[in-house]
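A.B. asks: Would you mind keeping the following structure in view while I ask a few things?
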Amino acid sequence: MNKTVKIILGIVALLLLVWVLKYFKDANSKDVIEYKVEEPFYTSINTKAVATGKLNPEEEVELKPQISGIVDEILVEEGDVVKKGDLIAKIRVVPNEQSLVSAKSRIASAKLSFDNAKILYDRNKVLFNKGVISKQDFENSELSFNQAKESLAQAQNDYQIIKRGSLSGGNTANTNIIAQISGTILEIPVREGDQVIQSNNFNAGTTIATVADMSLMIFEGKVDESEVGKLEEGKEIKVILGAINDKEFPAKLTFIAPKGVEENGAVQFTIKADVDVEMNTNIRAGYSANAEIDIESKDSVLAIREALLQYNRITEKPFVEILEGDDKFKKQNVTLGLSDGINVEIIEGVKLGDKIKVWNKASKDNEDEDNDENK
């Protein structure tokens, strides 16, 4: 019995010895955590304001009819280049029956007045030549005759305008839609046979076509209130078109809105800039564009990547961790300068050659694991 107990105790002791040896081996073979480090460097930092918007023609004209009717013929297509004075479309007048009857009635009434005035004029002329009536009476009858003649002509003209839309029917007739500027036809929102309404004081009228000079383009965009105070009219900027492989065009800032508009909780200010477009570039109206505006820049400043910064949770002041030796890091408060969102200027706290800990989620996870094991 004693022999059996000794054997069992020996086996247990052997197992405990193996477990202890394995524990110390695993503890001594644990990998040492190494953090990546980066050094400060000298670079140029530029801060920019980015405005989103569109590219539109500076001169754009909507052609509207001067008389209501039906589109009889359209002589151009969207994309065509026209010159000032070119015929764009023709309007066929559909007269109102009531207006025609009323115009005819006015002609008949004016004709009666004219005939009566002519009879009186002819009679008084004979009497005046014989010395029967005075010169004043004759001149009064002559005036009445001329007025009746003018009223008759006006009534006949009104009838022709209501019926045909014009008196002459020539190139200057109201029924012809003429290009007011040279440019490109951007849009024709009507088709042949559509009814159109004339432009007057009470109605904007139906747009027959839109013509724009595509050689003069402007950028229209919006910037946030935090950046608008740093902008100045006349400043050179860059306009980037994503539709043309992010092609850049030089531009000049010409307008900054004096009043902002609140959009989605932020106040936005409209800006405009004249864009220098190359003649061989196929630009279309309404292209989405971004404008990059340089606000401030510094050359050869000591900087680090902004991702290396950490912030104190209480004071919210920035700091970095600098390697001192034997994988030990020291927290060092820093004073920041200009930033472009990637690199940030270091005014105080870090010098050239310092090795700064790369702070990221992986680093934090490793430290948390160390703390858990120590507990």
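The values are calculated or read from the model by the stated rules, or taken from the named source; none is laboratory data. Please read these numbers as outputs of a predicted model, since none were measured by experiment. Cβ coordinates were reconstructed from backbone atoms using ideal geometry, including for glycine residues, and neighbour counts include every protein chain displayed. These accessible areas exclude ligands, DNA and RNA; they are computed on the full protein's heavy atoms, side chains included. Shrake-Rupley method; radii C 1.70, N 1.55, O 1.52, S 1.80 Å.
A.B. asks: Are any residues in region 60-86 in a loop (DSSP other than H, G, I, E, B) and open to solvent by 80 Å² or more (accessible area, probe 1.4 Å), and if so, which ones?
C.D. replies: Within region 60-86, 66, 77, 78, 83, 84 qualify.
A.B. asks: Ok, one more. Restricting to region 242-288, name every residue that is of a type in the set (A, V, I, L, M, F, W, C), closer than 23 Å to residue 79 by Cβ and in contact (Cβ under 8 Å) with a residue 60 or more places away in the chain. Steps first, answer last, please.
C.D. replies: Within region 242-288, the subset of a type in the set (A, V, I, L, M, F, W, C) is 243-244, 249, 251, 253, 255-257, 261, 266-267, 269, 271, 273, 275, 277, 279, 283, 285.
Right, trim to closer than 23 Å to residue 79 by Cβ and you get 243-244, 249, 275, 277, 279, 283, 285.
Of everything in region 242-288, those that are of a type in the set (A, V, I, L, M, F, W, C), closer than 23 Å to residue 79 by Cβ and in contact (Cβ under 8 Å) with a residue 60 or more places away in the chain turn out to be 275, 277, 279, 283, 285.
A.B. asks: Shifting gears a bit: What pairs come out if I take residues in region 113-138 that are within 16 Å of residue 152 (Cα to Cα) and pair them with residues that are open to solvent by 80 Å² or more (accessible area, probe 1.4 Å) whose C-beta lies under 6 Å away, six or more apart or interchain?
C.D. replies: Final answer for the pair search is 114/149.
A.B. asks: Return only the number of the condition from (1) open to solvent by less than 70 Å² (accessible area, probe 1.4 Å); (2) at pLDDT below 75; (3) farther than 30 Å from residue 352 by Cα; (4) not basic (Lys, Arg) that residue 33 does not satisfy.
C.D. replies: Of everything listed in (1) open to solvent by less than 70 Å² (accessible area, probe 1.4 Å); (2) at pLDDT below 75; (3) farther than 30 Å from residue 352 by Cα; (4) not basic (Lys, Arg), residue 33 misses just condition (3).
A.B. asks: Can you name every residue in region 225-235 that is farther than 13 Å from residue 270 by Cα and either at pLDDT 90 or above or open to solvent by less than 50 Å² (accessible area, probe 1.4 Å) (or both)?
C.D. replies: Once the filter is applied, which keeps residues that are farther than 13 Å from residue 270 by Cα and either at pLDDT 90 or above or open to solvent by less than 50 Å² (accessible area, probe 1.4 Å) (or both), region 225-235 yields only 234.
A.B. asks: Looking only at region 131-175, filter to residues that are under 22 Å from residue 71 (Cβ atoms) and open to solvent by 80 Å² or more (accessible area, probe 1.4 Å); which one of those is modelled with the highest pLDDT? Walk me through it before giving the result.
C.D. replies: As a first pass, look at region 131-175 and keep what is under 22 Å from residue 71 (Cβ atoms): 160-175.
Among the residues that remain, those that are also open to solvent by 80 Å² or more (accessible area, probe 1.4 Å) are: 163-164, 167-168, 171-172.
Numbers: 163: 70, 164: 66, 167: 60, 168: 58, 171: 40, 172: 42.
Among residues in region 131-175 that are under 22 Å from residue 71 (Cβ atoms) and open to solvent by 80 Å² or more (accessible area, probe 1.4 Å), the one modelled with the highest pLDDT is 163.
A.B. asks: Of all residues in region 252-283, count the ones that are within 14 Å of the chain's Cα centre (by Cα) and open to solvent by 60 Å² or more (accessible area, probe 1.4 Å).
C.D. replies: Residues meeting the conditions: 3.
A.B. asks: While we're on this one: I'd like to check something: does region 287-308 contain any residue that is over 30 Å from residue 333 (Cα atoms) and loosely packed, with under 14 Cβ neighbours inside 10 Å? Explain how you work it out, then say what you get.
C.D. replies: Narrowing region 287-308 to residues over 30 Å from residue 333 (Cα atoms): 287-293.
Of the ones still in play, those that are also loosely packed, with under 14 Cβ neighbours inside 10 Å are 288.
Yes: one or more hits.
A.B. asks: Only one of 108, 117, 103, 89 is open to solvent by less than 90 Å² (accessible area, probe 1.4 Å) and closer than 16 Å to residue 161 by Cβ. Can you tell me which?
C.D. replies: Values: 108 fails: closer than 16 Å to residue 161 by Cβ; 117 fails: closer than 16 Å to residue 161 by Cβ; 89 fails: closer than 16 Å to residue 161 by Cβ.
Selected residue: 103, the only one of 108, 117, 103, 89 that is open to solvent by less than 90 Å² (accessible area, probe 1.4 Å) and closer than 16 Å to residue 161 by Cβ.
A.B. asks: For region 332-358, which residues satisfy the criterion of being farther than 13 Å from residue 302 by Cβ, in a strand (DSSP E or B) and open to solvent by less than 30 Å² (accessible area, probe 1.4 Å)?
C.D. replies: The one that is farther than 13 Å from residue 302 by Cβ, in a strand (DSSP E or B) and open to solvent by less than 30 Å² (accessible area, probe 1.4 Å): 357.
A.B. asks: Filter region 174-203 down to the residues that are farther than 30 Å from residue 217 by Cβ and assigned to a loop (DSSP other than H, G, I, E, B) and list them by number.
C.D. replies: 174, 175, 192, 193, 194, 197, 198, 200, 201, 202, 203
A.B. asks: For region 183-216, how many residues are at pLDDT 90 or above and within 16 Å of residue 54 (Cα to Cα)?
C.D. replies: Number satisfying all stated conditions: 2.
A.B. asks: Could you tell me whether any residue of region 118-136 is among the basic types (Lys, Arg), in contact with a strand residue (DSSP E or B) (Cβ under 9 Å, 6 or more places away or on another chain), outside any helix (DSSP H, G or I) and over 25 Å from residue 213 (Cβ atoms)?
C.D. replies: Initial filter on region 118-136 (among the basic types (Lys, Arg)): 118, 123, 125, 130, 135.
With the extra rule that they be in contact with a strand residue (DSSP E or B) (Cβ under 9 Å, 6 or more places away or on another chain), the set shrinks to none.
Scanning region 118-136, I find no residue that is among the basic types (Lys, Arg), in contact with a strand residue (DSSP E or B) (Cβ under 9 Å, 6 or more places away or on another chain), outside any helix (DSSP H, G or I) and over 25 Å from residue 213 (Cβ atoms), so the answer is no.
A.B. asks: Checking residue 216 against (1) within 30 Å of residue 75 (Cβ to Cβ); (2) out of contact with any strand residue (DSSP E or B) (no Cβ under 7 Å at 6 or more places or on another chain): exactly one of these is not met. Which one?
C.D. replies: The one condition residue 216 does not meet is (2).
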